Amino acid sequence: MGFKKIYVVGAGVMGTGIAETVASTGTEVYLIDMTTKLAEHGIQAVSESMDREINRWGLTESDKRAILARIFPSGDLTIVAEAGMVIEAIPDRLDVKKEIFKELDRLCPSDTILVTNTSTLSISEIASATHRPDKVIGMHFLNPVPKIQVVEVVRGLKTSENTYSAIREFANSINKTPIQVYEYPGYVTTRIIVPLLNEAMHVLMEGIASAEDIDTAMKLGFGFNVGPLALADMMGLDEVMAWMENLINELSEHKYNPCPLLRKMVRAGQLGVKTGEGFFRYDKDGYRIKDETPTYGIRK
């Protein structure tokens, strides 16, 4: 099954990354948020991201123009009445996602596939807000979406084989490698990476090594492209903590209990790359500022 147009709900980091990825393969994307202005702001973020790629010779100006020409902003959710597939990419809050899916179920044709981009939440529970649980499925993209090749395709309890096959085909069409996952808290990638990030934070908090040395040890010792603390900064420390809290609520396992240092940093607004300060410091373009030591949640 091919999709001539894709509708993405949520113009945040993940939604814009998905929109860019899909548009780069020649498909039109309607990027929807609460207002058209918010959706336009998301497209501006896509433009700025591509500018950085152009500066690194990873993209050309003509590539950028072609991609942006295929992304259309909207503040009107009712346009999904023409959708063959909708991808929801709002923050990982179950109550809000269920409300969105209830509305999408009302607005979309009966054969529309509804996709949620979630890292920890139950596909089955989200699907329960609809009258089409067989057509609800998860696609867990990793950030940055345009660069990470893998996508977890998560089946809910009632997801049909036809829905799974259509989404797997779609994943291949946007140059992603789909991994089939049966619903379980954290799926594969989040469940495995969260304890690693949490333990790295504990090592830092306990004064065993500096953030720089922790990341260097993991990169050189185990072949990581990015150290765990820099990776957490890229993901957003508030998002990482939300994943941990969802997992500990679901599984009641101590290894998912957020490190006190992480809690302190989130409360202080030091959320990583997006705020310019996390375990490391970053400039306005998201590049690491060398030789500066953050205060790890303590404001001077």
>> Where the second residue is of a type in the set (Asp, Glu) and part of a loop (DSSP other than H, G, I, E, B) and the first is touching a residue at least 12 places away in the same chain (Cβ under 8 Å) and lies in the range 1-22, which pairs have Cβ atoms under 9 Å and are six or more apart or on separate chains?
In response: Val9/Asp33; Gly10/Asp33; Ala11/Asp33; Gly12/Asp33; Gly15/Asp33
> What helices (runs of 4 or more DSSP H) completely inside the range 203-281 contain at least 1 residues that are of a type in the set (S, T, N, Q)?
Replying inline: 211-222, 237-251
> Regarding Leu68, is this residue within 18 Å of the chain's Cα centre (by Cα), surrounded by fewer than 18 Cβ atoms within 10 Å (Cβ to Cβ) and not assigned by TED's automatic domain parsing to the domain that holds Met244?
Replying inline: no
> With respect to Ile100, is the statement that it is modelled with pLDDT under 95, under 22 Å from the mean Cα position of the chain (by Cα) and of a type in the set (Val, Ile, Thr) true?
Replying inline: no
> What pairs can you find where one residue is in the range 217-235 and closer than 13 Å to Met201 by Cβ, the other is among the basic types (Lys, Arg), and their Cβ atoms are less than 6 Å apart, with a gap of 6+ or different chains?
Replying inline: Gly227/Lys219
>> Being among the small types (Gly, Ala, Ser) and either closer than 22 Å to Ala171 by Cβ or at pLDDT 95 or above (or both) is the requirement here; does Ala83 meet it?
In response: yes
>> So, in the range 198-226, how many residues would count as being under 22 Å from Glu253 (Cβ atoms) and either among the aliphatic types (A, V, I, L, M) or outside the structural domain of Leu261 (by TED's automatic domain parsing) (or both)?
In response: 5
> In the range 94-121, how many are closer than 21 Å to Ala171 by Cβ and not charged (D, E, K, R)?
Replying inline: 13
> Taking helices (runs of 4 or more DSSP H) that fall entirely within the range 55-167, which contain at least 1 residues that are in contact (Cβ under 8 Å) with a residue 12 or more places away in the chain and under 18 Å from Tyr187 (Cα atoms)?
Replying inline: 94-107, 123-127
> Pick from the range 269-300 the residues that are among the aliphatic types (A, V, I, L, M) and either surrounded by fewer than 16 Cβ atoms within 10 Å (Cβ to Cβ) or touching a residue at least 60 places away in the same chain (Cβ under 8 Å) (or both): which of them is nearest to Ala230 (Cα to Cα)?
Replying inline: Ile289
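The values are calculated or read from the model by the stated rules, or taken from the named source; none is laboratory data. Note that this is a predicted model, so its numbers are computed, not measured. Glycine gets a Cβ as well: all are built from the backbone with ideal geometry, and neighbour counts include every protein chain shown.
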